[in-house]
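Below is one structure; the comments refer to it alone.
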Amino acid sequence: MIEINDIIELKTNTETERLSFATRYLVQISFTFNLTVLSDKFSGTSHFCVRRDQLEKMCCDLSEMNLTLNGKTILDDNDSDAFVEFELEPHGGLSIRGQVGGTHEDHFVKFRFQTDQTCIADFVKDFRVLLHKTKTKDLYEEIDEILWNDCGPIGLDEKQIKMSNEFDNAVSVEFPLRGEWMAPHTPGTKIPSHGSDQLGQRYAFDFLQVNWDKKGMHFFDASLLRYLIFGVPLEKNYCWGREIYAPCEGKIIECKDGLKERNPVHLVSDLFVVLKNAFFGNLEKKGLHSFVGNYIIMECENGVYAFFAHIKKNSIKVSVGENIKRGQILGQVGHSGNSTGAHLHFQLMDSGNLLKAKGIPCVFEKYEVYRENSWKLVCNSVPTDKDRIRYNT
């Protein structure tokens with residue numbers, strides 16, 4: 001048992017209404033809170049026990065609701081019929097209702113109050129901080145954290161999430177891949193998504209394919225032991241060679257191909273290259289190509305530019321000056337440059353000069369998320385790092 005003293009409060013737009021979770025302790029994967037509701041008409045406190053996965057789902061649901069201004073999520077107490085429900089209405093009003101204490105107890109309180117969506121971001125951030133600092137890792141998860149860490153090409157930045165208004169004017173584009181994917185780095189979970197604002201990557205995504213039937217972020221068709229000792233051939237990476245599609249119409253203003261990919265994919269050698277470039281690399285001396293791998297920069301409309309990195313060697317199918325149609329094949333997913341495994345790095349930015357560009361938030365017009373044993377359509381949103389997503393035209 002681990003004793004914890006955090007208090008997470010949902011701050012409403014009034015002084016008289018509050019909902020707070022005072023963490024008492026953690027036993028394996030179960031948190032016990034003192035759940036307190038305060039109002040000018042009533043107040044109540046009782047134990048509230050939930051599992052880690054329930055809290056993670058609540059955070060994912062609330063983040064998605066905050067972006068789409070729609071949806072509902074329920075957090076149920078595992079020891080009673082107590083619950084907390086959040087429902088977001090289309091105009092941005094947030095309805096919170098629930099029950100403190102079980103009906104089997106001598107005293108329990110049912111409650112309901114209204115606020116707005118502006119309280120969601122900080123509430124979710126505080127819960128994610130709690131989940132992060134109390135998480136224990138097995139070998140697979142330790143390797144995942146090493147592989148998909150937040151080392152940007154030229155440094156680290158430990159800024160915390162502040163998503164509340166950053167997606168208000170996000171650009172909506174088509175998802176640039178087909179099939180099932182996940183995003184170990186995404187602004188749907190953290191901003192800056194890669195730990196740095198440099199190179200226009202504040203809102204950047206990394207997409208890769210994994211075997212969802214295996215534990216950990218298993219992105220290759222081989223045993224963990226083989227990967228750690230001998231490495232895994234590129235063709236055994238699930239997403240290596242998958243086609244990349246233009247998410248909108250545009251014009252190619254820059255592309256570089258021909259950089260060799262490291263083969264096999266190996267934890268030690270790939271991590272060495274990434275860390276060497278992150279801490280000792282010189283962009284002005286070595287140029288972008290060795291850092292971002294084979295890449296494409298496409299000019300879209302209204303001063304927006306799309307950037308695609310780590311592309312497979314000799315797979316780029318477009319050339320500078322070419323006008324591009326939405327859905328046109330641009331190249332294939334690869335493992336070139338600063339990469340610890342085959343994946344696509346994708347971002348929107350405000351300049352075609354990567355060294356000067358600032359990131360632009362984007363949402364994807366539509367895709368599906370696998371939740372509760374079924375695929376659910378999501379529109380104008382971004383995935384979190386836990387989401388299993390797919391897109392097929």
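If the requirement is being within 23 Å of Val210 (Cβ to Cβ), surrounded by 15 or more Cβ atoms within 10 Å (Cβ to Cβ), in contact (Cβ under 8 Å) with a residue 40 or more places away in the chain and of a type in the set (Gly, Ala, Ser), which of these qualifies: Gly334, Gly359?
Every option except Gly334 fails the conditions.
Show the residue pairs that are 6+ apart or on different chains and have beta-carbon atoms under 7 Å apart, the first residue being within segment 216-236 and in a strand (DSSP E or B), the second being aromatic (Phe, Trp, Tyr) and surrounded by 15 or more Cβ atoms within 10 Å (Cβ to Cβ).
Phe220/Tyr227; Phe220/Tyr238; Val232/Phe220
What about Glu372, is it out of contact with any Lys or Arg (no Cβ under 7 Å at 6 or more places or on another chain) and acidic (Asp, Glu)?
yes
Consider Phe207 against the criteria (1) surrounded by fewer than 23 Cβ atoms within 10 Å (Cβ to Cβ); (2) part of a strand (DSSP E or B): it satisfies all of them except one. Which criterion is unmet?
(1)
If you check Leu199 against the conditions, is it within 25 Å of Val363 (Cα to Cα), part of a helix (DSSP H, G or I), in contact (Cβ under 8 Å) with a residue 24 or more places away in the chain and not β-branched (Val, Ile, Thr)?
The answer is yes for Leu199.
Out of all the residues in segment 277-293, is one or more in contact (Cβ under 8 Å) with a residue 24 or more places away in the chain, closer than 15 Å to Pro247 by Cα and not in a loop (DSSP other than H, G, I, E, B)?
Checked segment 277-293: no residue is in contact (Cβ under 8 Å) with a residue 24 or more places away in the chain, closer than 15 Å to Pro247 by Cα and not in a loop (DSSP other than H, G, I, E, B).
Considering Thr23, Thr32, Thr12, which residue is farther than 18 Å from Asp77 by Cα and under 28 Å from the mean Cα position of the chain (by Cα)?
Thr12 is the lone residue from the list that is farther than 18 Å from Asp77 by Cα and under 28 Å from the mean Cα position of the chain (by Cα).
Please tell me if Met58 is modelled with pLDDT of 90 or more and either under 27 Å from Glu368 (Cβ atoms) or within 29 Å of the chain's Cα centre (by Cα) (or both).
yes
Taking the condition within 25 Å of Leu69 (Cβ to Cβ) and either in contact with a strand residue (DSSP E or B) (Cβ under 7 Å, 6 or more places away or on another chain) or not assigned by TED's automatic domain parsing to the domain that holds Asn353 (or both), does Tyr245 pass?
no
Give segment 343-391 a look and list any residue that's at pLDDT below 95 and either in contact with a Gly (Cβ under 7 Å, 6 or more places away or on another chain) or among the β-branched types (Val, Ile, Thr) (or both), or say none.
Leu354, Val363, Val369, Val378, Val382, Pro383, Thr384, listed by residue number.
Only residues in segment 179-191 that are under 13 Å from Ser381 (Cβ atoms) and in the same structural domain as His345 (by TED's automatic domain parsing) count as the first member; pair them with residues that are in a strand (DSSP E or B) and not aromatic (Phe, Trp, Tyr), Cβ under 7 angstrom, at least 6 apart or cross-chain, and list the lot.
Ala183/Asp206
Can you name the residue in segment 10-37 that is modelled with pLDDT under 85 and surrounded by 17 or more Cβ atoms within 10 Å (Cβ to Cβ) and is also farthest from Phe127 (Cα to Cα) among such residues?
So the residue we want is Glu17.
Give the residue that is nearest to Gly327 (Cα to Cα), with candidates limited to residues of segment 372-389 that are free of Cβ contacts under 8 Å to residues at least 24 places away in the same chain and not in a loop (DSSP other than H, G, I, E, B).
Leu377
Residues checked against (1) in contact with a Lys or Arg (Cβ under 8 Å, 6 or more places away or on another chain); (2) not in a loop (DSSP other than H, G, I, E, B):
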position: Leu330; (1), (2): yes, yes
position: Ser336; (1), (2): yes, no
position: His345; (1), (2): no, yes
position: Gly352; (1), (2): no, no
position: Lys356; (1), (2): no, no
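Only one of Gly258, Gly231 is of a type in the set (Gly, Ala, Ser) and surrounded by fewer than 20 Cβ atoms within 10 Å (Cβ to Cβ). Can you tell me which?
Gly258
Would you say Val50 is in contact with a helix residue (DSSP H, G or I) (Cβ under 9 Å, 6 or more places away or on another chain), surrounded by 19 or more Cβ atoms within 10 Å (Cβ to Cβ) and of a type in the set (Val, Ile, Thr)?
It is true that Val50 is in contact with a helix residue (DSSP H, G or I) (Cβ under 9 Å, 6 or more places away or on another chain), surrounded by 19 or more Cβ atoms within 10 Å (Cβ to Cβ) and of a type in the set (Val, Ile, Thr).
Among the residues of segment 82-93 satisfying the criterion of being of a type outside the set (Phe, Trp, Tyr) and within 20 Å of Ser43 (Cβ to Cβ), which is surrounded by the fewest Cβ atoms within 10 Å (Cβ to Cβ)?
The extreme case among them is Glu85.
Can Lys41 be described as without any contact (Cβ under 8 Å) to a residue 40 or more places away in the chain and surrounded by fewer than 19 Cβ atoms within 10 Å (Cβ to Cβ)?
Spelling it out, Lys41 is indeed without any contact (Cβ under 8 Å) to a residue 40 or more places away in the chain and surrounded by fewer than 19 Cβ atoms within 10 Å (Cβ to Cβ).
Take segment 165-196 and flag every residue that is of a type in the set (S, T, N, Q) and either buried (at least 23 other Cβ atoms within 10 Å of the Cβ) or not in a strand (DSSP E or B) (or both).
Matches in segment 165-196: Asn165, Asn169, Thr186, Thr189, Ser193, Ser196.
The values are calculated or read from the model by the stated rules, or taken from the named source; none is laboratory data. Since the model is a prediction, treat every value here as computed from it, not as a measurement. Glycine also receives a Cβ, built like all others from the backbone with ideal geometry; neighbour counts cover every protein chain displayed.
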